[in-house]
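First comes the structure, then the notes that go with it.
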């Protein structure tokens, strides 16, 4: 076994060694100089004297209120631990050493840190903190806070942080405002940027508290907002910090413009939509195609008072899919996993349920140049060839396409193909049931859901599975139970999303790494445990330039796709947003899409809405509408929602 593992690792070691030597040799120097920013590849777009990002209005006025709606409830203001349900905006007061721009693949600029320095091989990084950086209680942010944050998150935080920061092997205080991180992997160009994403926690605050426990005491922070008021399960109000230390930094100019951001909790999405139309909340990012097509046919939308707008974006959409837990014996055979994909009729679903608003997802890195396309090119073949005998032959010979249908809802030919694969895997039909040919045990599994909106999508899929003789059941559970079962990998099949960025790296270990497959709380929901995938992840992380990153990510994408861990769902290349016309946005929308942190309140538009009576009419319509909806809107949220999808989102909007 040891020799076999050594042979598995040998090709990747050779590539990594060459990469490292070329990087160091090309640099010719052993140490970098302090800089205002760092790019994953190439140079930062914005120079040291930049005044603001291009996609903001630097003169945006401050003021006004933004009212939002959220499903369910909350029981904690600590979003960094694998316990509880964090409140909306729970991390708004916590800042990182650096912050990303929204119009570059992956570049970070100084936030708490005024400068960053790293050698050409990026084997370590030094951050110098800004002297003006302060906590909300007036205490300065120090190197001790930085070291405390790293140690606390790695030992007591969500398991994600242990994977994400595992390559930071030493944190050294070089002064009150200077800290050095040393890395285990000198060939990982991403590590200085990953270190820059570290959420900085106040040591003097947490030393007397248990970080590992949930809390309804809003923790001390340093950011542009802090919790002003809340009622558990009902609402959270954030207020802009008037004397925020970083308000004039170039990375913050034109952002964080609202004085108040209030989030009210509702029972479900239907009630949130009613609250929006009634004028009780201001803004919603609509993620349900049926609701977008049918639920906003109101006079306010017709008049333009309630804006229904699609904002295009160019960010990777990642992978949403039916995820099969390959830890379960029933899903351990990839022929079974492949067969089940033939029972999902996307074309019928998109036409009948989604009004044709979605595109089929065909990659874990969809909507980006990182997605595998066509057959492997020369650079990909060079990476994949050493593993040919351990990869599905299709990786080299076929372009991955999820099963398609004619959209009639009766995918007869697809089910025939599914039967053939299942028979090959040792399953036969007896008495109208699909059973294991050797044991006679029926194929039976549960599809675990947390959103009622997904039932109408999953039930036709279950119907087709039934045509195969498979006993598939749908189980809808509350948010608390769902979170706990996901953390323990206690499920057969779920619907999940892996978001991706333009610059994938360490987070891929948490998504697909063998170690993560055994770590409760990780995001390796599919149970991927494959030395080849581990090697390809290492290559993605160590990519020395953009071209090699693209090739290596495409190779990883192909291998994951052809192992059939998931049944791909769909994605959209626009953000569907509906909001009351009392805000303004910058003229430029960055490639990652719009974000309310760039928006600002327009008092003249708000006054015009009041004069025109649109809000009053909306409220009147709500009063005359469904009594159930009005009662629920008044009652607020009763059930649990959303769990923490940990902080790879630090580099992109959610």
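For the chain, what is the calculated [θ] at 222 nm in deg cm²/dmol (nearest 500), taking -39500 (n - 2.57) for each run of four or more DSSP H residues and dividing by its residue count?
Calculated mean residue ellipticity at 222 nm is -9000 deg cm²/dmol.
Kirkwood Rh over alpha-carbon pairs of region 293-408, then Stokes-Einstein at 37 °C and 0.692 mPa s: what D in µm² s⁻¹, rounded to an integer?
After rounding, the answer is 183 µm²/s.
Take the alpha carbon atoms of region 234-349, find their radius of gyration, then divide it by 2.2 N^0.38 Å using N residues; give the quotient.
On the way: Rg = 21.5 Å, N = 116, 2.2 N^0.38 = 13.4 Å.
Rounded to two decimals, the normalised Rg is 1.61.
For residue 216 and residue 477, calculate 0.36 nm times their separation in residues minus their Cα-Cα distance, and state this gained length in nm to one decimal.
Taking 0.36 nm per residue and subtracting the Cα distance, the gain is 91.5 nm.
Determine the percent antiparallel among the DSSP beta bridges restricted to the chain, to the nearest 5.
80
In nm, to one decimal, how far is the modelled label at residue 398 from the one at residue 485, with both set 7 Å along Cα→Cβ?
For the pair residue 398/residue 485, the computed spacing is 3.2 nm.
Once a ≥ b ≥ c are taken as the square roots of the eigenvalues of the Cα gyration tensor of region 245-304, is the result rounded (a/c under 1.5), prolate (a/b larger than b/c) or oblate (a/b not larger than b/c)?
The shape class here is prolate.
Express the relative contact order of region 450-605 as a whole percentage, based on alpha carbon pairs under 8 Å and six or more residues apart in sequence. Please list the in-between numbers first.
Details: 117 pairs, mean separation 19.4, N = 156.
Here the relative contact order equals 12 percent.
Where does each of 387-395, 239-247, 333-341 land if you order them by average Cβ count within 10 Å, highest first?
Values: 387-395: 14.1, 239-247: 15.9, 333-341: 21.2.
Put in order of decreasing packing, that is 333-341, 239-247, 387-395.
Largest first, please: the extent of the C-alpha atoms of region 37-147 along each principal axis, to the nearest Å.
47, 35, 30
Grab the beta carbon distance between residue 43 and residue 389, set R0 = 45 Å, and tell me the FRET efficiency rounded to 0.05.
Working from the Cβ atoms, E equals 0.60.
Over region 519-594, what lengths in whole Å, largest first, do the semi-axes of the equivalent ellipsoid take, defined as the square roots of 5 times the eigenvalues of the alpha-carbon gyration tensor?
Those come to 34, 19, 13 Å.
For region 393-499, what D do you get in µm² per second when you plug the Kirkwood radius from alpha-carbon pairs into Stokes-Einstein at 37 °C and 0.692 mPa s?
205
Seen from all sides and averaged, what is the projected area of the convex hull of the Cα atoms in region 119-203, in nm²?
Here the figure is 5.5 nm², rounded to one decimal.
Taking Kirkwood radius over Cα pairs in Å straight from the coordinates, which label in (1) 26.5; (2) 25.8; (3) 27.8 is the correct one?
Entry (1).
Where the centre of each part is set by its Cα atoms, how far does region 47-102 sit from region 587-606, in angstrom?
Measuring centre to centre over Cα atoms gives 14 Å.
How far apart, in nm, are two points set 7 Å out from the Cα along the Cα-to-Cβ line at residue 311 and at residue 408?
Each label point is offset 7 Å from its Cα along the Cβ direction, giving 4.3 nm.
Which whole-angstrom value gives the distance between the alpha carbon centres of region 314-393 and region 448-492?
20
Using the C-alpha atoms of region 155-293, what convex hull volume per residue, in cubic angstrom, is computed?
Once divided by residue count, the hull of region 155-293 is 210 Å³.
For the chain, what relative contact order do you get, as a whole percent, if you take Cα pairs closer than 8 Å and at least 6 residues apart?
22
Can you work out the base-10 log of I(q)/I(0) for region 436-477 at q = 0.21, 0.25, 0.26, 0.31 1/Å, using the Debye formula on its C-alpha atoms alone?
Result of the Debye calculation: -0.67, -0.83, -0.87, -1.06.
Starting from 0.36 nm per residue, how many nanometres of slack lie between residue 75 and residue 287 once their C-alpha separation is accounted for?
73.8 nm
If I stretch the segment between residue 431 and residue 184 completely, what's the gain in nm (0.36 nm per residue apart, minus their alpha carbon distance), one decimal? Spell out each step's value before the answer.
Details: separation 247, 0.36 × 247 = 88.92 nm, distance 5.81 nm.
Contour length minus the Cα-Cα distance gives 83.1 nm.
Any idea how far apart residue 456 and residue 382 come out in nm if each label point goes 7 Å out from Cα toward Cβ?
5.1
Only the coordinates and a few stated rules stand behind these numbers; no lab work does. All values reported here derive from a predicted model rather than from experimental measurement. Here the Cβ is made from the backbone with ideal geometry for all residues, glycine too, and neighbour counts use every protein chain on show.
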